[in-house]
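The values are calculated or read from the model by the stated rules, or taken from the named source; none is laboratory data. Here the structure is a predicted model, which is why all the values come from computation and not from measurement. Because the Cβ atoms are built from the backbone with ideal geometry, glycine has one as well, and the counts that use them run over all protein chains shown.
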Amino acid sequence: MVKTDLRKKAQGGCVLMLFLLMSLAPAASAESAIKAPAGMAALPLKLPKPMFVGTPQNIKGVKQLEKPLGKPRPPFFAPKGVKNLAIGKKISGSDEEPIMGELKMITDGDKEAADGSYVELGPFTQQITIDLEATHDIYAMVFWHYHKQARVYFDVVVQISDDPDFKKFTTVYNNDHDNSAEQGVGKDNHYVETSEGRLIDTKGVRGRYVRLYSGGNNASDLNHYIEVEVFGK
Ligand SMILES: [Ca+2]
Ligand SMILES: [Ca+2]
């Protein structure tokens, strides 16, 4: 009995907090409405210009598709001093001669959606690997496949390893629900690409190499990357 009452009180408190946060949100920016915990800071993210607005209508039949948030993503807090370790770092991958662009564009800091800012890799399952040149604690990754139009990329698998051959690795994201990329069955959601990129919480996993798989998208079998950021220290 006592336990139930406490839980109810706690739930009430949460609802009230949520209500307060939501009512604050329109007045203040999301970043200032939510205070960083001690020793933490919001990721220093610089977002590109959005190229489309509103809820995409042209994506049908994609299973386990995450609903758009309908508002800016809340800040992500990581230990103070965390920075993008991927900028300017070397990239290798399964398609070293892309159809459009060059692999080095994936870590050049340009995140715009326009033609000339994205790399087009061959069809079906492809991977890219970034060498951070040293082992780091990695707290978050943000990546943009494409954001000129609303799209869903399939078999998005992200792994972190200390081994260039990835004999051992930690999977930090996997939405390949049928193991077609042969990296194991994932449970993460499909999502619509936007100018905010996809942010994943990598929980301080240590590693030197990050590898990202994809297997085409809802509009074609091809794979695209605009930028990958790896936040750590
Ligand atoms: Ca880029
Ligand atoms: Ca699949």
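The figures follow:
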{"item": "Verdict on Pro50 being part of a loop (DSSP other than H, G, I, E, B) and either among the β-branched types (Val, Ile, Thr) or at pLDDT 95 or above (or both)", "result": "no"}
{"item": "All positions within region 137-151 that are modelled with pLDDT of 95 or more and surrounded by fewer than 21 Cβ atoms within 10 Å (Cβ to Cβ)", "result": "Asp137"}
{"item": "Of all residues making up region 152-181, the number that are within 16 Å of ligand 2 (Cβ to nearest atom) and in contact (Cβ under 8 Å) with a residue 24 or more places away in the chain", "result": "14"}
{"item": "Flag for Ala134 being of a type in the set (A, V, I, L, M), within 25 Å of Pro50 (Cα to Cα) and either without any contact (Cβ under 8 Å) to a residue 12 or more places away in the chain or more than 16 Å from ligand 2 (Cβ to nearest atom) (or both)", "result": "no"}
{"item": "Of residues in region 206-221 being aliphatic (A, V, I, L, M) and crowded, with 20+ Cβ neighbours inside 10 Å, the one farthest from Asn175 (Cα to Cα)", "result": "Val210"}
{"item": "Test: residue in region 100-110 that is more than 16 Å from ligand 1 (Cβ to nearest atom) and either closer than 25 Å to Phe154 by Cβ or not assigned by TED's automatic domain parsing to the domain that holds Asn179 (or both)", "result": "no"}
